[in-house]
Amino acid sequence: MTGLLGGAFDPPHVGHVALADTAERELGLSEVVVVVVADPGHKDVHCPAETRLALAQAAFPDRAVELDRHARTVDMLRAGRWDDPVFLIGADEFAAFPAWKEPDAVLELARLGVASRPGYPRERLEEVLARLSRPDRVVFFEIDPIRVSSSEIREKVGRGEAIDGLVPPAVAAEIADRGLYRG
């Protein structure tokens, strides 16, 4: 069973790594493929796709890392080579899932593995689940909360502050070597 962890990874951080590791263990996945979205339709990116791909490869040295040219998850899944994968997202992303492009089609093409964290309102997740055509295609697993975001990392780097502990060391080295996020 393959897990897919998609995102902009601008830059990837320890929360992304923890989500992949926890999902693999808790859901019994045979592998987690990291899918770097070249041109996300829902957010601006600060680095070119090839740079973000290199950062993701640094963050996930023991995982397959691929560049995805599709702006939306449903399009990536339609073009993908995976048979019934588990698409991994956080609880906050799941709360917005009904607004995704063709969420019903996403659930036909993949199951959702939703990382919830202690203290996240379960009622909010249940409300979203009740609105889905295929709630049976959603599985929840708990992840320890890690308070980090890509935007916070970019801001810290821009101010010249250390990002130790927020990103894997290889990602910090790539950011420094390439002079990324310096404003």
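Since every read-out is calculated from the coordinates, none of them should be taken as a lab result. Model, not experiment: these values are computed from the prediction. Virtual Cβ from ideal backbone geometry, glycine too; neighbours counted across all protein chains shown.
Taking a label point 7 Å from the Cα of residue 39 along the Cα→Cβ vector, which residues of the stretch 54-87 have an amide N closer than 16 Å to it? In the stretch 54-87, the label zone of residue 39 (backbone N under 16 Å from the point 7 Å along Cα→Cβ) covers 67-73, 75-76.
Here is how the number arises for the chain: DSSP H runs of 4 or more residues each give -39500 (n - 2.57), the sum is divided by the residue count, and the result at 222 nm is -11000 deg cm²/dmol. The H on the amide N of residue 6, modeled in the peptide plane, is under 5 Å from the matching H of 35, 88, each at least 5 residues off or on a different chain. Using C-alpha pairs under 8 Å with a sequence gap of at least 6, the mean separation divided by the residue count of the chain gives a relative contact order of 25 percent.
Each Lys and Arg contributes +1 and each Asp and Glu -1, all at the Cβ; summed about the Cα centre of the chain, the dipole is approximately 300 debye. Taking one quarter of the surface of the C-alpha convex hull of the stretch 95-183 gives a mean projected area of 7.9 nm².
Computed over the alpha-carbon atoms, the stretch 2-146 gives an Rg to Rh ratio of 0.93, Rh here being the Kirkwood radius from the mean inverse distance.
Within the listed set 113, 15, 160, the Gaussian network model of the chain (springs between alpha-carbon atoms below 10 Å) gives the highest mean-square fluctuation for 160. Backbone amide hydrogens, once placed in the peptide plane, bring residue 31 within less than 5 Å of 3, excluding anything fewer than 5 places away on its chain. Residues whose amide H comes within less than 5 Å of that of residue 140, counting only those at least five positions distant or on another chain, are 114 (H built at 1.01 Å from N in the peptide plane).
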